[in-house]
1. Taking segment A:107-127 on its own, how many of its residues are free of Cβ contacts under 8 Å to residues at least 12 places away in the same chain and within 9 Å of chain B (Cβ to nearest Cβ)?
2. Would you point out the residue of segment B:49-61, among those that are touching a helix residue (DSSP H, G or I) at 6+ places or on another chain (Cβ under 9 Å) and modelled with pLDDT under 95, that is nearest to the other protein chains (Cβ to nearest Cβ)?
3. Only one of B:THR100, B:THR85 is under 20 Å from A:ARG83 (Cβ atoms) and open to solvent by less than 30 Å² (accessible area, probe 1.4 Å). Can you tell me which?
4. So which residues in segment B:21-48 are more than 12 Å from every other protein chain (Cβ to nearest Cβ) and either outside any helix (DSSP H, G or I) or open to solvent by less than 50 Å² (accessible area, probe 1.4 Å) (or both), if there are any at all?
5. From the set of residues in segment B:5-51 that are over 13 Å from the mean Cα position of the chain (by Cα) and of a type in the set (Lys, Arg), which is nearest to B:GLU62 (Cα to Cα)?
6. Hey, among A:LEU102, A:LEU107, A:LEU62, A:LEU69, which residue is crowded, with 23+ Cβ neighbours inside 10 Å and more than 22 Å from B:VAL54 (Cα to Cα)?
7. Taking the condition of being within 21 Å of A:GLY92 (Cβ to Cβ) and either in contact with an Asp or Glu (Cβ under 9 Å, 6 or more places away or on another chain) or small (Gly, Ala, Ser) (or both), how many residues in segment A:121-138 meet it?
8. Has segment A:94-101 got any residue that is over 29 Å from B:VAL46 (Cα atoms) and within 12 Å of chain B (Cβ to nearest Cβ)?
Amino acid sequence: MGSTDRTSECDSRTRGADLGWVFLGGLGGTALRWSAEEAWPLHDGHWPVGTTVVNVMGAFLLGLVLETLVRMGPDHGVRRRIRLAAGTGFCGALTTYSAFALELSVLGKGGHVVIAVAYALVTVLAGIAAVVAGIALARRLVAIKGGDEA
Amino acid sequence: MTVAALIIAGGIGAVLRYAIDDAVRRRWPMAFPGPTFVVNVTGSLVIGLVAGLVLYRAASPEWQAVIGTGFCGGYTTFSTSVVETVRLGGRRGPVYAGLTFAGSVGACAVGLAIGWAL
């Protein structure tokens, strides 16, 4: 908590600390994603449930976190650290585009074209709906501090 | 053991994503489609390559767990990509989402093909 409100000129110490917050969040996000993949193991020719769950959940959380932080004030100090750890680190690592792309390729190669197309559409559309819902929830729950934004 | 390595690899992937995002934004602040696109496409290429080596060249599945699930999973991000899509809105949002989707799936297919050809 405290007094590092020097935003634009990041010295090497604060940049190092930024990387530390992203790393910590990234560990948590990766661990939770791995747990989801263990809970819903991938089977040939079936819907990749684990990746769907983490991607949609992470999209909702990121929309909620970023909108909440913006409404609470400028990207300084503790708000910046929360954005880096919870947003960039945790939500960023919880969700994955590479596994999504790989699962689509494997479904396509295995001839499961209908599942692949449905998986792609559902992931992208549910992801967008989840972000919009996360932002909307933050708008309902958090009043704008400072009043310099519309 | 593999799980610990996988989780640490995910943290490293997230840090690399942040470093690339930061570097690209400083140099080309107006770039479209932007750093998250670059991260997702390159990460999809790597996961395809590793999966290809495991599928066609009998590389150890632990490589796929640590580099694919761990590193590439932490490095690439679906959530940021969707938030950027929603923020862009209008015509640019769907174009961005389409480019990211086609770029990532295409790069993954290229990675798989390289793994097969090696």
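1. Of the residues in segment A:107-127, 3 are free of Cβ contacts under 8 Å to residues at least 12 places away in the same chain and within 9 Å of chain B (Cβ to nearest Cβ).
2. B:LEU55
3. Of B:THR100, B:THR85, the one residue that is under 20 Å from A:ARG83 (Cβ atoms) and open to solvent by less than 30 Å² (accessible area, probe 1.4 Å) is B:THR85.
4. B:VAL24, B:TRP28, B:PRO29, B:MET30, B:ALA31, B:PHE32, B:PRO33, B:GLY34
5. Among those residues, the one meeting the criterion is B:ARG25.
6. Going through A:LEU102, A:LEU107, A:LEU62, A:LEU69 in turn, just one is crowded, with 23+ Cβ neighbours inside 10 Å and more than 22 Å from B:VAL54 (Cα to Cα): A:LEU62.
7. Count: 9.
8. No; the residues of segment A:94-101 include none that is over 29 Å from B:VAL46 (Cα atoms) and within 12 Å of chain B (Cβ to nearest Cβ).
The values are calculated or read from the model by the stated rules, or taken from the named source; none is laboratory data. Quick caveat: nothing in here was measured; it's all calculated off a predicted structure. Here the Cβ is made from the backbone with ideal geometry for all residues, glycine too, and neighbour counts use every protein chain on show. What goes into the accessible areas is simple: the full protein's heavy atoms, side chains included, and nothing from ligands, DNA or RNA. Shrake-Rupley method; radii C 1.70, N 1.55, O 1.52, S 1.80 Å.
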